[in-house]
Every structure is written in structure tokens, then in C-alpha cells.
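First comes the structure, then the notes that go with it.
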């Protein structure tokens, strides 16, 4: 299977990183997707996509006010011009050799590292490890749309697990979230409401 | 030390006080000039004769000559061709500086090629040429600019070869190579060499059946105005032609104001200038004015074209329609989109210039060749700039 490359790293910290990609690469990553950043020595970092930002510049702003923009001009701006798309990722764990950890990575990835979208088997491997330890990184990120992010992630992970004959994964994940949020009624209600939207759309 | 704003303020007040009177005077002159334009609209022979007489007394006369269209006429925007390839090029340069770490010049030329109506992204070409050692000898700013202009047109000619017609090419600025007033004999010798090559490049474009044009935004020229000034002189008064400038405050831009509706072009004019002798036959240069603005927001550009474009009505129409379409893409700031993109492609940023300088310095140091470093003056300037940042 060919790894799906979605961009290169622009900046990073221990808790997260931002990658840049061209507009034409934007059809690959999606909100809530699990991504990985391979490093040297059989080590890679995992993260969840929580924001995608399309930057503008003077010319794009100018063109946006015009009544009709032809296809060639749109293609030129999307494919030739360097107006980057920034994708923000929340670090949720790492893998060293064959061992997956839901702790924060010991060191952040480096500039221009390639970032790949996780395949369903990698998504299953990361989410089935341990007892959903990575949830706490999401729940701690109060500036992010936590409930929407969890809902999007759980939907994708549930599909991957169900396709592999493990439909019970989503129930265990939901139960864990209820336990973690038992003292935060408001967040719990938001998360459960988002999960109920996921269930309806299944 | 900064600007003394108190001194400036007093002068700004004077400027404001004079502005109204000067506006009214210009308006009056414009009305007179426009009346004369209409009066001479079809006096082709008379205008030719007057200009011919005037050149006897002023061999450096630079003005317009009527072709075969009424000079106050306006010509509607033609239909866009069903398909066409549009090519635009622009260039930028790094001038050599003895104050920098290493002395070199660079010409960076960018071109972009768009197929009308195609959903494909337009291919981009860049040519970066480093000039060093003996190539820097006698390289003035004017000659470097000349080399850049030549490089733009050469790139277009190369890209146009083999493309199916119609092919429309343009660059920013006038088509006539220009060295300026200054320049010693050596500079003029190099100018002649560039001119020869430029003409061969134009001939290549002509052979490719590609329309070539130079696009001048907010033109400063007064060639049509000058032709009218010359035409106001009687034969007996002709010896005073050099100093005879009754419409001296006028530019062609003012003359055509209000005469062209959005998308319309003016009549075609031939360029009468001392350098016209260099551009003969199919390379003879012509121009027209084009209103690329919208209703209520006129915006006039000057478009220079060679004779082979003028002699082919479909080619001229395609160029006219494409330039208007290209300007409309840019909305409130009408300027050909592809020219803007070619500029974006060609422009060398300060960061890139620094990068090139470092590449050269590393290469030389790696070979054990000493690099002198920046001059004291440059280092102090850089420190001052950093301090303000």
C-alpha cells in the first residue's frame, strides 16, 4: 500500500505541530484524521488534525472581489502560487519500534519532515492500544473544538474497527469518555451530543 | 535626522492653493487639444506633411503619425477568440554593487503561458542568468535594463515557437528598446548589439505568427499631443517647433480622457522617433490607447505593437480582446493578470539576493579565494537598518 503524503512540517512543539501543503493536496487530510510523522531510529509521532487554514494574499483577495474568475486563473492560484494551506495537528502519542505509547512524544518532529495520513490498519493499531490514554490530550486542549474533534475521530476509528470485525470498539471508547468527563457535565453533554450526531449519520 | 514636517507642511499648503488654478488651466488646455484632435481627425496627409517638415528642424522629434483610422475614433472590444495561447513575460535584475561581499549581476526572467478557457494551470518558465567577471565591465544600469528587456522578449519568442495560432504575447513597458539620453560611445556600441539581437527576436515572433505587444500602465507619453502641437504650426513657424508646446501640460492620457468607453481602443498611430529607423518593415512600431477600466472608472493603457500585428486585423482584434479580458480578471485594479503573475515569478526578493550572494561567497571561499566582504559603508547601513527593524 502506498503511504499518503499530506505535507511537510512548518513548526512544532511537544504538544502539536503545523504542516504546510499545497491547495491541491487538501483533498487528502480531513478534520479528525490520525496522521503520523516518521522519524529516524524506527520512531514516529502520531497526531490528530484539528484545524485546516487556507491562507490568502493580496492577489487572492483582489480576485475574490471579481465577478467572474476563469478556471485557468483559479488553477494558477491553486497550483502555481505559494499560498500555503496550514494544517494544525494535536500530538497524541508516538511509536518506538513496535511499541505504541499514548504519552506525548519525547521530542517534536523537525522542519520539513514529511507527514502521512494513517491507513485504517494504522488507525486501528493506534486506537486499540491501551485504554484510550490519548483522549486526555484532546480533553485538555480547551481551545480546540473538543467535542467535534472527538466525534470526527471516533467516527473514523469506529469505521476502521467495524470493517475489521470489531464493532464493540466505539462502545468502549464512549464508556471511557463518560468516565473521564464524569466531573465535567457540560463537556460530557457536548461530546455525547456530537457522538449522537455520528450515530445518526451511520 | 528626519523630514522637517513643518517645512513640508508650508509647501503642501502652497501646493493645495495652486492646485485648483492649475486644474482649471489644464482643463481648458484639454478642451482646446480635444477640439483640435476632432478637427484633424481625418487629415492624414496634412499631419504627415507637418511632421515631416518638423523633423527638418527637430531631428529628435518624437510624436505620433496617423495611420488610416480617424485619430479621434474609438473601436469596440472584439469577441475573444474561441481558443488562444497567451504568453506574458517580465524580468527583474540585481545590479552589481562594489559595496557588497561579491560583485555580480543577475537577470531573472519569468514567463507564464495560459490557454484561454482551459482548466489547466498555466505553465511557468524562469531563466536566471548570472553576470560576472568581464561581463560586468562597462555594465551600466541602462545596459542591464536593456539586457533584461531583451531577455523577456527572447523567452517569449522561444516559448511561442510551434504553438498553434492564435498566440498573444506581451511584456510590461514599451516595445522600443531604450537606452536613455546618457551613454558613451561604448555604451552605444553595446546598445547597437542588443538592438540587432532584439530585432532578430522580434522577427522570430513574427515568423511564429505570434502577436507581440508592450503594455504601458498609466502612460506618461505625449506623442499624440506632440503631433497636434506640430500641426498647429504654419510652414513659416516650423523653425520654432522645438519650443512650440501650446499643450505643454497635456499627456496623451488626458487627451483621450472621455473619448473611449470601457473596452474600446483608440485609433492606431505609428511612432515617429529618431529610433524609428531601426524598426523597419514588419518591425515598424505602432501604438493605441485602450480603456481597460469600467463604466465610471476609466483606466487608459498604451499598447505598442509591431507592424505585423497592425497588418493582421484578426491578430490585432485578438490582442485587443485578450488585453481587456486579462485586465478585467484583476477587478478594481485593471492590469493584465498574466503580466502581474510574470512579475511575481520574476521578481528577486532581498532574501533571494542575499542567498545568491552567499552561494557565490561559499563557492569562492571553498576554492580558497578570499572574499573581500561588504564595504564599511554598506556594513554601517545594514546595521542602521537592523537597528530600526
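Placing a label point 7 Å from the Cα of residue A:15 along the Cα-to-Cβ direction, the residues of the range A:45-61 whose backbone N falls under 20 Å of that point are A:45-53. The distance separating the Cα centre of the range B:158-231 from that of the range A:1-67 comes to 45 Å.
Here each label is just a point 7 Å from Cα along the line to Cβ, and for residue B:130 and residue B:161 those points are 2.6 nm apart. Pick from B:218, B:328, B:251 the residue whose mean-square fluctuation is largest in a GNM of chain B, springs joining Cα atoms under 10 Å. Among B:218, B:328, B:251, the largest GNM mean-square fluctuation belongs to B:218. Taking the C-alpha atoms only, the angle from helix B:313-328 to the longest principal axis of chain B is near 60 degrees.
When Rg and the Kirkwood Rh are both derived from Cα coordinates, the Rg/Rh ratio for the protein assembly as shown amounts to 1.11.
Let's test the formula: R0 of 35 Å, r as the Cβ-Cβ distance of residue A:159 and residue A:74. What FRET efficiency results, to the nearest 0.05? Efficiency at R0 = 35 Å is approximately 0.60.
Take the Cα of residue A:24, step 7 Å toward its Cβ, do the same at residue A:196, and the gap between the two points is 4.5 nm. Scoring A:90-98, A:45-53 by mean Cβ neighbours within 10 Å over their residues and listing the highest first yields A:45-53, A:90-98.
Altogether, the Stokes-Einstein calculation at 10 °C and 1.306 mPa s, with the Kirkwood radius of the range A:1-118 over Cα pairs as Rh, returns a diffusion coefficient of 104 µm²/s.
In the distance distribution for the range B:269-388, Cα-Cα pairs more than 23 Å apart total 60 percent. Convex hull volume of the Cα atoms of the range B:39-117, normalised per residue: 204 Å³. Just so you know, the Cα atoms of the range B:335-389 work out to an Rg and Dmax of 16.4, 49 Å. Each of B:63, A:21 has some number of other Cβ atoms within 10 Å of its Cβ, and from fewest to most they run A:21, B:63. Would you work out if the range B:154-306 is rounded, prolate or oblate? Take a ≥ b ≥ c from the square roots of the eigenvalues of the alpha-carbon gyration tensor; rounded if a/c is under 1.5, else prolate when a/b is larger than b/c, oblate otherwise. Judged from the Cα gyration tensor, the range B:154-306 comes out oblate (a/c at least 1.5, b/c at or above a/b). Nearest 0.05, what FRET efficiency do residue A:175 and residue A:55 give at R0 = 41 Å with Cβ-Cβ as r? Once rounded, the FRET efficiency stands at 0.50.
Per-peptide packing, taken as the mean over residues of other Cβ atoms within 10 Å, places A:73-81, A:31-39 in the sequence A:31-39, A:73-81 from highest down.
The mean number of partner chain beta-carbon atoms within 10 angstrom of a residue's beta-carbon across peptide B:116-123 is 5.
Scaling the Cα radius of gyration of the range B:74-160 by the globular reference 2.2 N^0.38 Å produces a ratio of 1.46. The alpha carbons of chain A give a radius of gyration and a Dmax of 18.4, 55 Å, in that order.
Fewest-first ordering of B:269, A:68 by other beta carbons within 10 Å of each residue's beta carbon gives A:68, B:269. Rg then Dmax, both in Å and based on the Cα atoms of the range B:122-195: 14.7, 43. What's the FRET efficiency of residue B:118 with residue B:375 using the Cβ-Cβ distance as r and R₀ = 45 Å, to the nearest 0.05? For R0 = 45 Å, the calculated efficiency reads 0.35. Inter-chain Cβ neighbour count for B:327-337, averaged per residue, equals 4 (cutoff 10 Å, partner chain atoms only). Sorting the segments B:344-353, A:55-64 by their residues' average number of neighbouring beta-carbon atoms within 10 angstrom, most packed first, yields B:344-353, A:55-64. A straight line joining the Cα centroids of the range A:165-181 and the range B:1-72 runs 82 Å. Compared with the rule-of-thumb size 2.2 N^0.38 Å for a compact globular protein, chain B has a Cα radius of gyration ratio of 1.11. Over the range A:122-202, the fraction of Cα-Cα pairs per 10 Å bin, rounded to whole percents and listed from the shortest bin up, is 18, 56, 25, 1.
Note on the protein assembly as shown: helix-only mean residue ellipticity at 222 nm, from DSSP H runs of 4+ residues weighted -39500 (n - 2.57) and normalised by residue number, equals -13000 deg cm²/dmol.
Could you quote the convex hull projected area for the range B:5-47, Cα atoms only and averaged over all directions, in nm²? Taking the Cα atoms of the range B:5-47, their convex hull projects to 4.2 nm² on average.
Each reported figure results from applying straightforward, stated rules to the coordinates on display, with no laboratory input. Keep in mind that what you see is a predicted model, and the values were worked out from it rather than measured. Quick reminder, even Gly has a Cβ in these numbers, built from the backbone with ideal geometry, and neighbours come from all protein chains shown.
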